[in-house]
């Protein structure tokens, strides 16, 4: 079965307009995250996963920092529950393994915990608020493929 989208790793320099459009739609408009919280100085040094529909429309993204922190996972509403987030996470985890990272972590929105559990992430620490939404830290020990 072929998927109706592709996912690739891009630099912020190469993907910024498309990455920015997805994050503005999901985080700023849908989830009401203040712009000053969404845009940090971490994008330039991160690797980004960008999902595109077969028409070339940007439909999802995520990033991994050099230290293995995965974040900014976002999928447009009409593409949710179609394995886009799974494909994004898989390419980010493959990148982490290829770079020899032993562990990755996320600050997961509480409503997204089941998604991260699918990959083997384990919750650590207490619930905390970020951008007005409850989150939990989660970690995943990586095994080489």
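The values are calculated or read from the model by the stated rules, or taken from the named source; none is laboratory data. On a predicted model such as this, the values are computed, not experimentally measured, just so you know. Cβ sites come from the backbone with ideal geometry, for glycine too, and all protein chains shown count toward neighbours.
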Checklist outcome for this item: Those residues of segment 87-110 which are closer than 11 Å to residue 49 by Cβ and in contact with a helix residue (DSSP H, G or I) (Cβ under 9 Å, 6 or more places away or on another chain) amount to 89
Next on the checklist: Would you confirm whether or not segment 90-98 contains a residue that is in a loop (DSSP other than H, G, I, E, B) and at pLDDT 95 or above?
Outcome noted: no
Checklist entry - Do you know which residues across segment 9-44 are surrounded by fewer than 12 Cβ atoms within 10 Å (Cβ to Cβ) and either touching a helix residue (DSSP H, G or I) at 6+ places or on another chain (Cβ under 9 Å) or part of a helix (DSSP H, G or I) (or both)? => result 13, 17, 29, 34, 35, 36, 44
Checklist outcome for this item: Selection from segment 66-89 of residues within 11 Å of the chain's Cα centre (by Cα) and either within 24 Å of residue 5 (Cα to Cα) or at pLDDT below 95 (or both) yields 70, 71, 72, 73, 74, 75, 84, 85, 86, 87, 88, 89
Checklist outcome for this item: Only unsatisfied item for residue 136, checking (1) surrounded by fewer than 18 Cβ atoms within 10 Å (Cβ to Cβ); (2) over 19 Å from residue 21 (Cα atoms), is (1)
